[in-house]
Amino acid sequence: MATIALLVAVFTVIALFEVPKILEKGLWREFLVFSVLLLFGFTLSVLLALEVRLPSPVKGIRSLMNPILRLLGIHTHLS
């Protein structure tokens with residue numbers, strides 16, 4: 001539970017440090033992207049802290065890349 005509290009504190013400090021700068025400049029799209037990435041990172045960090053088993057992104061990347069590599073005529077041992 002202390003790990004979760006530490007994660008909340010760290011992500012809060014990051015947000016408090018970065019968000020005012022972004023909003024001061026009126027960078028609304030950047031604020032949206034920053035918020036989504038921060039939330040995604042926080043969620044993954046909490047899941048890892050809770051020892052939830054997360055799937056590897058390698059299978060998804062392979063399924064996206066193999067057709068592209070075949071179109072380019074590049075054959076790998078993973079195809």
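The values are calculated or read from the model by the stated rules, or taken from the named source; none is laboratory data. Quantities reported herein were computed from a predicted structural model and do not represent experimental measurements. For neighbour counting, all protein chains shown are included, and Cβ atoms are generated from backbone atoms with ideal geometry for every residue, glycine included.
Within the set of pairs 6 or more residues apart or between chains, which connect a residue that is free of Cβ contacts under 8 Å to residues at least 40 places away in the same chain inside segment 28-43 to a residue that is not basic (Lys, Arg) with Cβ atoms less than 6 Å apart? Every condition considered, the pairs that remain are 30/22; 31/22; 42/11.
Sub-6 Å Cβ pairs linking a first residue in segment 50-79 that is over 30 Å from residue 8 (Cα atoms) to a second residue that is part of a loop (DSSP other than H, G, I, E, B) and not hydrophobic (A, V, I, L, M, F, W, C), at least 6 apart or interchain, are 66/79, ordered by first then second residue. The set of residues in segment 33-78 that are under 17 Å from the mean Cα position of the chain (by Cα), farther than 24 Å from residue 6 by Cα and surrounded by 10 or more Cβ atoms within 10 Å (Cβ to Cβ) comprises 60, 61.
Does residue 36 satisfy the criteria of being at negative phi, touching a helix residue (DSSP H, G or I) at 6+ places or on another chain (Cβ under 9 Å) and at pLDDT 95 or above? When the stated conditions are applied, residue 36 does not pass them.
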